[in-house]
Amino acid sequence: MRLLLRAWLRDWTRHPLQRLLTIVGVIIAVAVVLAVDLANQSAQRAFDRSMIDVAGAATHQVLGPVDGFPDRHYRDLRLAGWRDLAPIVEGPLRLRTGDTIYLLGVDPLAEAPFRETAAGFGSVPVQRLLTEPGTVLVPPRWLAAQETTADEPRFTLRTPAGLQTVTAIAAPDADAEGQLWVTDIATAQVLLDRVSLLDRIDARLEEPGQAEALEALLPTGLELVPVAARDAAARELAQAFRINLTAMSLLALLIAAFLIYNTQTFSVLRRLEVLASLRLLGVSREQIVGVVLFEALLVGLIGTVLGALAGIWLAQGLVGQVARTVSDHFFVVAVTAVEPRPLALAAMVALGVGLSLLAALAPAWEAARGRGMGTSGRAALEQRAHGLTGLLFVAGVLAILLGATIAALGLGALVGGFVALFLMITGFLLLLPRFLAAGLRWLGGPLAERFDWPLPRLAGRSLERSLSRSGPAVVALTLALAAAIGVSVLVGSFRVSVSVWLGQTLTSDVYVVAASPASARGSAWLPGHWAETMASWPEVDTVSTGATMDAVSGRGLIQLFLLRPHPDWLEHLPLVEGDAAGLDALLRDTDTVLMTEGFSAHQGLRVGDRLEITTPQGRRSFAIAGVYRDYSNPGGTVLMRAERYHGGPAPGFGSMGLRTADGVPLETLEARIEAWLQDQDTPTLVTRPDAIETESMAIFDRTFAITHLLRLITLLVAFVAILSALVALQMERAREYAVLRSTGLLPSGVSRLVFLQGALLGLFAALAAIPLGLGMGWVLIEVINREAFGWRMDVMLPGIPLAENLFLGLGAALLASIYPAWRLARMPLVPALRLNE
Amino acid sequence: MTSQSPSVLECRSLGFSYRGAAGVTAVLQDVDLSLQAGERVAIVGESGSGKSTLLHLAAGLETPSAGQVRVKDTELGSLSERERTLLRRRELGIVFQAFHLIPTLTALENVALPLELEGSARGREARDRAAAQLASVGLSGKADRYPEQLSGGEQQRVAIGRALVHQPALILADEPTGNLDSATGESVFRLLLEQVAATGSALLMVTHSTALAERLDRTVRMVDGRLLAQDEAAAVGSPAAGPAA
């Protein structure tokens, strides 16, 4: 057995490049899939951690108006005998450096049963929160990463009450992650400008009937909401994002599978003669299969180990991107460590080793049966490959039809969308070998004849007769390029839609917004009288105000957008359902709301339905009069006139938009606002719509930055696939090239031939990727995106990405041709001529 | 052949060696050989005696370690790889023992290949000339067959057609009947001689068969990498004569 293994494995030293390519295939496959999985898991962990830190072990929350409720209500409840309650003041704040932190103000005496962050109560740091105002507990890892040598450094925060300095002490929980800063409630009330106010009261109500009893005690304006209702929405959104990432990693997996298959089968097929000789010497079939699978196992193991290391390294880069996206859209999270889970690593071993074994199994079995030996056997193998194209074609058509049916009927919601997408992708890929064979036949036959092209004839026919090599390589490249196009279509269409929507929405000339980041329930609030004051200025034509807040509704906690609009606002609102005529009066005079597409999709509500919403006057039923397009909140928003919510003038709002009076330069109005704001206590930001648009688009681009990275990785995989296919062709057809050379083909001619073959594969893949990529983009937009977010958008044909794609395909293929072309042109002829003699 | 004919191949003090694990191995030593235009010379010798290496050196497929090879007054050692290829394209035709046809080209296309590479004929003209050549080797009815659809003898006929279609000055044949049965070998050999006679090319043929060698103008024998003189060759004795091996 030792000699047998030696006979088989000595090829590693004789053809190291081939083995390297095989191992690289496994490494890339394992690395990409593991990296995306790790990034996903780490972000999810950070997300869960944030939810636990903030919501803790509470089962319910007492919520009131968005600008807070008096903290005496909490005292009253404690005095009434309710002990399992914890008051909270919370909100995001920005450090002077620009980083955002999330401040959680707690009552350390009431906290212990609720949150891990206060589990160390009794420890010196937590006690200091009570005794030393302006002290905050900061995650130790975050603190360690700061460039400060002080034991207890001081940090300056931009707060609604101006710049404030706090003393940071390391939280007792050494594992605390992220940017959640915990402080005593009194300090938080000062920092967040909510003196004597609370944002919520957390409650642990585990006994039956407790919730009802507490609810009965609550004064008007306060509501008891189950926690599940609050974080379910956020969790669902993060889930949608994760699904998109997982889809990308599955795509990478699919491409990687082709790569592993291609390199593994080739490494066996190329040595069929060795197997034939061994069989002639009396080696049994089982031994042949054993020795081939042993090598595949070896390749799989080496590739998996190195791939896992590369994947962990890659994940460090990805995880930051993912965390940032989650922070931008959902919640402030920070991930500081990537920790591979044993299950994920086991899955990677199954992927790397399993795919390697699977790919080697078929040729090993062929070899053991004595088929496919020698050059005539190789021809027979190719003949079988040609025969198989018909079968694959039929299977492909069936898969496409099935996928299209699922997509058209909308079966299975989001999962159904993904199933449809993968069926259509797989179906399309199965069609390719047949088209490739036909195309190459046409090129090597009638086309080359007509234009009298000897080299294209040779290139075309050689590729056609090596369909088992050229087929998988083209499929891998097509898939990578199609994924790039699909993502371009999605991102491009999305970007244009968001840009158009921002243009429609931002109809004021200048905006005044609260300086604190408005990403959570406790966002900063501008005084209500500001709108009236500014509206009275001669420089101002009209003023609009907007406020985003979480409100309790019959559908759980929802995002409410309270608007006091410009008079012509409905002309700019992208209404997709409902009648604009008379809508303004309806919204102003009756309990009527509008909802976004996302809200409609998530809640399953339609125009004409009613929605119960808790307002300062109590719970009221609102009619839904229309649906409008909005990309600001993936979970959807309900729009209501501010005065209807408040039952009169709004006491405050998050932002206001001003339009200049005729003939007044914008700069004049801005100067007036800035001068007026000097005398006000509330920190604000004056900004123009283009700045908001720029910031919004920057967030948008950050969100999709990860897809570009994955696109590059898939292209790298495809590049390796083409390279390995061309090297395979070069080795298999070495004698043929040697004959051509001895017949008079120049070394440069051989190089041209190889480049031509690479270009043909690249061109075919690039052209095939266009319909597949556009189809993928369409399904992503019309099925998956709609199912995940409920957003509709116009599908844009990405002209530049399509051209880019063509160049990328050709470029990757030509780049992959350089080495084989160089090697073949310098190949010693005599040994090559003796091959297989 | 007359000694006044111009020399087509001239080997002077030719040597070839390679460095292996066991040190330097001399494959060919001090070989002098000359072929006149139209002359047909056989190289015989045991396996490993250096016959094929001599042929490869003459074709410019290998570079000699010592000495010179001249093809029609052009010294191969002074040429670049590209120039050697161009010379091979123009002046040489090679017939291999294992045929070495391009499997992705039909019989006709295989024969037309040297014309297209050389550029002396393209398109229809190349195909017409190739068709004529194919007819001359008796395969006009199988022009559209691929190599794998032809018998061994037919494949070698196509190879001969390919080697001669551009009327080279020198044909190098390495055991052209080595892979064929005796009857087929005989017919292929006869065809090769006819074709060489028709084009006026010189022929340098490596063979194991003394019987075939004797039918050429001259036979040289190689022993351990050295070319024996005519009288030495006679002294060493002829191997058993027989059909084409």
| note | If we keep only residues of region B:54-66 that are without any contact (Cβ under 8 Å) to a residue 60 or more places away in the chain and out of contact with any Asp or Glu (no Cβ under 6 Å at 6 or more places or on another chain), then the residue farthest from the other protein chains (Cβ to nearest Cβ) is B:A66
| In region A:747-786, what count of residues is obtained for those that are within 26 Å of A:I800 (Cβ to Cβ) and within 14 Å of chain B (Cβ to nearest Cβ)? | 1
| said: Looking at region B:52-66 only, could you name the residues that are of a type in the set (A, V, I, L, M, F, W, C) and part of a helix (DSSP H, G or I)? | reply: B:L54, B:L55, B:L57, B:A58, B:A59
| task | Look at region A:423-481 and say how many of its residues are closer than 23 Å to A:L774 by Cβ and within 10 Å of another protein chain (Cβ to nearest Cβ). | result | 0
| query | Given region A:542-612, what strands (runs of 3 or more DSSP E) lie entirely inside it while holding 2 or more residues that are at pLDDT 90 or above? | reply | A:556-564, A:592-596
| Which condition number in (1) at pLDDT 85 or above; (2) buried (at least 24 other Cβ atoms within 10 Å of the Cβ) is the one that A:G809 fails? | (1)
| field | region A:337-353, subset of a type outside the set (A, V, I, L, M) and crowded, with 17+ Cβ neighbours inside 10 Å, residue modelled with the lowest pLDDT | value | A:P340
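Find the strands (runs of 3 or more DSSP E) located wholly in region A:128-221 whose residues include 1 or more that are at positive phi, touching a residue at least 40 places away in the same chain (Cβ under 8 Å) and surrounded by fewer than 19 Cβ atoms within 10 Å (Cβ to Cβ), and list them. Talk me through it step by step, then tell me what you get.
On the way: elements: A:135-138, A:154-159, A:162-170, A:180-184, A:200-203.
The qualifying strands (runs of 3 or more DSSP E) are A:162-170.
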| field | Residue among B:L164, B:L134, B:L172, B:L113 that is surrounded by 20 or more Cβ atoms within 10 Å (Cβ to Cβ), within 22 Å of the chain's Cα centre (by Cα) and either farther than 18 Å from B:V188 by Cα or free of Cβ contacts under 8 Å to residues at least 24 places away in the same chain (or both) | value | B:L113
| Hey, B:R157 hits all of (1) surrounded by 16 or more Cβ atoms within 10 Å (Cβ to Cβ); (2) more than 19 Å from A:E736 (Cα to Cα) but one; which does it fall short on? | (2)
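Results for (1) over 30 Å from A:G317 (Cα atoms); (2) modelled with pLDDT under 90; (3) not β-branched (V, I, T), shown as yes or no for each residue.
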{"site": "A:A650", "(1), (2), (3)": "yes, yes, yes"}
{"site": "A:D679", "(1), (2), (3)": "yes, yes, yes"}
{"site": "A:T694", "(1), (2), (3)": "no, yes, no"}
{"site": "A:L710", "(1), (2), (3)": "no, yes, yes"}
{"site": "A:I722", "(1), (2), (3)": "no, yes, no"}
| request: Return yes when A:R242 is of a type outside the set (D, E), over 28 Å from the mean Cα position of the chain (by Cα), modelled with pLDDT under 70 and surrounded by fewer than 21 Cβ atoms within 10 Å (Cβ to Cβ) and no when it is not. | output: no
| Does region A:817-837 contain any residue that is surrounded by fewer than 23 Cβ atoms within 10 Å (Cβ to Cβ), among the acidic types (D, E), away from chain B (no Cβ under 14 Å) and out of contact with any Asp or Glu (no Cβ under 8 Å at 6 or more places or on another chain)? | no
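Any idea which of A:T22, A:T13 is modelled with pLDDT of 70 or more, part of a helix (DSSP H, G or I) and either loosely packed, with under 15 Cβ neighbours inside 10 Å or touching a strand residue (DSSP E or B) at 6+ places or on another chain (Cβ under 6 Å) (or both)? Outline the logic, then answer.
Numbers: A:T22 fails: either loosely packed, with under 15 Cβ neighbours inside 10 Å or touching a strand residue (DSSP E or B) at 6+ places or on another chain (Cβ under 6 Å) (or both).
Answer to the check: A:T13.
The values are calculated or read from the model by the stated rules, or taken from the named source; none is laboratory data. What you see is a predicted model; the values in this text were computed from it and never measured. Ideal geometry is used to build each Cβ from the backbone, glycine not excepted, and the neighbour counts take in all protein chains shown.
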